[in-house]
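A short worksheet on the structure shown next.
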Amino acid sequence: MVMVKEKACRNCRMVVMDETTCPNCGGTTFTTFWRGYVVIVDPEKSEIANRMGIQRKGKFALRLSR
Ligand SMILES: [Zn+2]
């Protein structure tokens, strides 16, 4: 069994699996050291999305530790 590590974009904190370019911001630097996440389903109505500056659906890390 192969474990795929989720990683978070250093720029916008979007969590992805095996993308090399962030689908949200186009960033190319990721870290696997992140903690907690929020799932944004309706970025236009979500207060969290607003506060975090998220404009698209997806999973976003709350904290990057490195
Ligand atoms: Zn990004």
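Read-outs: derived from the displayed coordinates by stated rules, not from any lab. Just so we're clear, the structure is a prediction, and the values are computed from it rather than from any experiment. Reconstructed Cβ throughout: ideal geometry from the backbone, glycine too, with neighbour counts over all protein chains shown.
For the reader, a short list of remarks on this structure follows.
- 3J(HN,Hα) along segment 14-20, derived from phi through the Karplus expression 6.51 cos²θ - 1.76 cosθ + 1.60 where θ = phi - 60°, amounts to 5, 8, 10, 9, 10, 5, 9 Hz, with x in place of Gly and Pro.
- Take 26-35, 51-60, 7-16 and order them by the average number of nearby Cβ atoms within 10 Å per residue, most first; the result is 7-16, 51-60, 26-35.
- Placing a label point 7 Å from the Cα of N11 along the Cα-to-Cβ line, the residues of segment 21-42 whose backbone N sits under 12 Å from it are 21-30.
- The eigenvalues of the Cα gyration tensor, multiplied by 5 and square-rooted, give segment 7-64 an equivalent ellipsoid with semi-axes of 18, 12, 9 Å from largest to smallest.
- The Q55 and F33 beta-carbon pair, evaluated with R₀ = 22 Å, returns a calculated FRET efficiency of approximately 0.35.
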